[in-house]
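Novice: I have a structure I would like to understand better, so I am pasting it below and will then ask my questions one at a time.
Each value in this text was obtained by applying a stated rule to the coordinates, not by laboratory testing. Every value quoted in this text rests on a predicted model; they were computed, and no experiment measured them. Cβ placement follows ideal geometry from the backbone for every residue including glycine, while neighbour counts extend to all protein chains displayed.
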Amino acid sequence: MAALVGGIVLAAGVYAAGRTPDLHDVASAARMPIPGTADVDLDRREYGLYFGLLNAPTGKAVHVPRLRITIVPPDDVADPAFFKVPHDVDVDVDGFHTVQIARISVHLPGKYHLHVESPDEVGGSFSVGEMPRVLDPDRAFARAIPFGFAALGLSALLAAAAIFVHWRDNPADRGF
């Protein structure tokens, strides 16, 4: 019994520790409040666009309000390609519970003017940063790990109580 519980705990720990390197710097290019404006130097590559809440509960999905995002490239440079993504990838980075909302592909390096606002509410942060190396939509499992440990602990207590009741009712089976 102890070996089984230990194995499950070890597997969950290895999974959680193995996923950590895939976290990325979601604000490597910029982080700003909503509403906010910034001039940002962007290289020619893909970036993730993220909505985040500081000190938000990590066990719950973050509500992402409607956002108006404006990206103005330097003169004579085409607008970056913009791709919406499902709000499945969320991470907790530097105290921000962050959800990827889109990605952009920048065609030429330069200083880009960014503006973001929400017609629904004020608050939260908007950031531009690294793309995840692995898009892991199964973050629900990572959020469920504390609940899994609680369930394992309660199961262990239930098993111990059952063994105690059996020993109490059958003193000959104690084996001491």
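Novice: Using packing as a proxy for protection, rank 32-43, 92-103, 153-164 so that the peptide with the highest average count of other Cβ atoms within 10 Å comes first. Write out the running numbers ahead of the final one.
Specialist: Details: 32-43: 14.3, 92-103: 19.2, 153-164: 11.3.
Going by the mean number of other Cβ atoms within 10 Å, highest first, we get 92-103, 32-43, 153-164.
Novice: About its Cα centre, what dipole magnitude does the range 28-99 give when the only charges are +1 on Lys and Arg Cβ and -1 on Asp and Glu Cβ, stated in debye to the nearest 20? Provide the component values of the computation, followed by the final result.
Specialist: Details: 7 positive and 11 negative charges, 78 e Å.
Once rounded to the nearest 20, the dipole reads 380 debye.
Novice: Let me ask something else. Taking 0.36 nm per intervening residue step and subtracting the Cα-Cα distance, what contour gain separates Leu54 from Asp25 on full extension? It would help to have the intermediate numbers written out before the result.
Specialist: On the way: separation 29, 0.36 × 29 = 10.44 nm, distance 1.52 nm.
Using 0.36 nm per residue and subtracting the Cα-Cα distance, I get 8.9 nm.
Novice: May I ask for the net charge around Ala38, where only other residues with Cβ less than 11 Å from the Cβ of Ala38 are counted and Lys, Arg are +1 while Asp, Glu are -1?
Specialist: Values: positive: Arg31, Lys111; negative: Asp39, Asp41.
Net of charged neighbours comes to 0.
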